[in-house]
1. Inside 10 Å of the C-beta atoms of B:23-32, what's the mean count of C-beta atoms belonging to other chains?
2. Any idea what the relative contact order of chain C is, in percent, if you count C-alpha pairs under 8 Å spaced at least 6 apart?
3. Let me check against my output: what whole-number percent is the relative contact order of chain B, with C-alpha pairs under 8 Å and at least 6 apart?
4. Run the helix sum for chain B: -39,500 (n - 2.57) per DSSP H stretch of 4+ residues, divided by residue count, reported at 222 nm to the nearest 500 deg cm²/dmol.
5. Highest first, please rank the peptides A:250-261, B:43-54, A:469-480 by the mean number of other Cβ atoms sitting within 10 Å of their residues.
6. Per 5 Å bin, what percent of the C-alpha pairs of segment A:153-195 does each bin hold, from zero upward?
7. Listed highest first by mean packing, meaning other Cβ atoms within 10 Å per residue, what order do A:550-558, A:94-102 come in?
8. How well do other chains shield peptide A:148-154, expressed as the mean number of their Cβ atoms within 10 Å of each residue Cβ?
């Protein structure tokens, strides 16, 4: 690729942490929010102010430390040094094997740290306003802090085991927060579904971890040359064959991708993400838009050397090919479904799934920088969109159906402006918005992909659909007239200020990713980057930019044409529905993936559950009852023995003693002559004995 | 074994038999007296003159009279309606027979060893008197106390109660 | 049979007769009569042995018999006094009816 050829020689890496530098204190970044969560959990009485202060305070300190770390890495980059500082320590020792944990500070983790803590902090502040009427305010902030700490732990982890621990903790807090309003059955079911679906992916992930540990003897990523994704270990992995023509590296990569697919909602494990919208909107913004779902993408970026091992320069590996295809398919699949949804948050949820597909495809085709840039920009504008949606819901008195909204452009101007900025960034409106540059990076990589051209066309079609459904949504919500119940009102400043900040970044972040100044890519890949217009001279780039612009405007125009005029009343069918009712039905019913699961997997488990229940109740229960019955029988026997044999014999014995005593007592007749007779008899006997013995 | 011994022995045995077999209690007492007399004569035959006369004086003169008095004071002269012998008289007879068997057997077993006893011990009354005061003074005094106690005791026991217990 | 054996047999016979009387007669006084006979038989034994036995001490047998007579007399007095007292309380001298010490 021309861009890479243009780059200068890669920087010299440094791996030493110290003298005491920021990387020694990196562990504080995740630990502080977790401690805040722990302290909040210990309070018996709920204190709103206290819990919010703890959460926001701890995350602010984490943000500060993240900025210092980022600054340190940028300073290193500015001096031509590729910073990768690790701190490793041994956690367990069994026999000759060690289990090591540690954290790493390099450009990848630095940008993620800043993004997660910054967006997280904004959402925390936003939550103060959004959850102000909720009675479980304290519990909410406790869980939010826990999540923030866990996510930051995933980001800085240098060990696949530590990453997995943070991964699971993130999954747990996601479950807790989706099911935050647990009294609602829909919320509880959605939380369960999220946990179980991601669990399916996590099983494969764990298999991959174990296999990697078995093959390389370590789970650390970087360990001064001895890490599991460093060249020495990779060379060994490439020599091990696995099944179906894969090497061990490829197979492990696919297993790890399975975990990432679960967490990032790739097809077919995407079914939990739309249902996760049952949680409060700040949760949707933070977890299911910006950070947790991005963890899967981040994981692939982290183990990219493993995924890319064995690939020819310019070519690709099996693992990356699979990642690309799954990502591209998911992008189109989810975008199609988003067209026919009517819940404001569900549209955004499917949009998130679609954009995650873009990120995966970008990773697979273009490398770490391409995918990560879209992740960063997406985090900002998707969080913005979700928070805007939350503001809309809040202002419309908890109404979530877009068909019952409308005309909010006038009632909620701040929300309208920020939401529009986010929407245009998502659509990839040319030049001004960050989404354009990040998406273009992916399309650029797709255009040059050596394996096939189909993903490129799929992603372009996805961009068209994205513009179309977002226009539909914005038209329904903000334009035409109000179709709902009570009139809407603007949200308080504590909610709109974060929106404004995010909107600013949705525009500004584009600046670091343009071909004129490809700072982000250079930073991540460890090159120098200069500002110059040469980047635009790459063959085909201008054509591509023009083509994507056309696609965006086509989508916007089509959407405006169909929905920009009078929006239909809530009871009437949608415009498209009238046109192609069958296809609309399929899309509205989410292409029946959930129903498929229900018929196959869930029915299978229901059957097994019934069998197990029967087994448990009839067989094991019968056994237990049988044993109890035997014991009862035994007890009866013992009672019989005790009453009749023991007691009986004892009583009989005593009676006999009495009788014997009575008999013997007759000797005491009270008559003198009897006594005399006995005396005389005794004397006779004695005398006889004496005489007899003296005869001898 | 001379003729006198047999006569006296027969007298004693008959008298004692009569003493335990007769129905009338007074007749028993009188038969007892006869038995005492026979025994006294046997003592005399054994050259124990003092013992013989003491026997006559004490037993016939005091004990027998005492027995008669007791019989008369307890309406013993009336014949009881149930019979004079106990319901289980056979057991008593058996025991007595056993005792006699043992005693007889003992005597007969050792009969060859018994001495003929030709020499007669010469004991005069003076000797007895000196012995009583000399060697046997302690038993004498004790027997005196015993007799006094017995006398007082018998009187108290047999005395009529005056107004309730005494 | 030596004379001594004859006397001893007579004494044994009188003793047994006295014992039989004491064990079988109902009247309490008859029991006492039997007891007197037994004592007398014992006395006869003593005197017979004094006469026919060895004589390390010439007086012992005689003294023994004399003291026995004295004690027997005392005992007869007390015993008969007791019988009279019992008769006063139970209005009978029938021994078969005196079983208040029955066990």
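Nothing in this text is a laboratory measurement; each read-out follows from the coordinates by a stated rule. All of these numbers come straight from a predicted model, not from anything done at the bench. Cβ atoms come from the backbone with ideal geometry, glycine included; neighbour counts cover every protein chain shown.
1. Per-residue shielding by partner chains comes out at 3.
2. RCO, chain C: 28 percent.
3. Answer for chain B is 15 percent.
4. Computed mean residue ellipticity for chain B: -21500 deg cm²/dmol.
5. Highest-to-lowest ranking by the protection proxy: A:250-261, A:469-480, B:43-54.
6. In whole percents, the pair-distance histogram is 6, 26, 21, 15, 12, 11, 7, 2.
7. Ranking the peptides A:550-558, A:94-102 by packing returns A:550-558, A:94-102.
8. Details: counts 0, 0, 0, 0, 0, 0, 0.
Per residue, the average neighbour count from other chains is 0.
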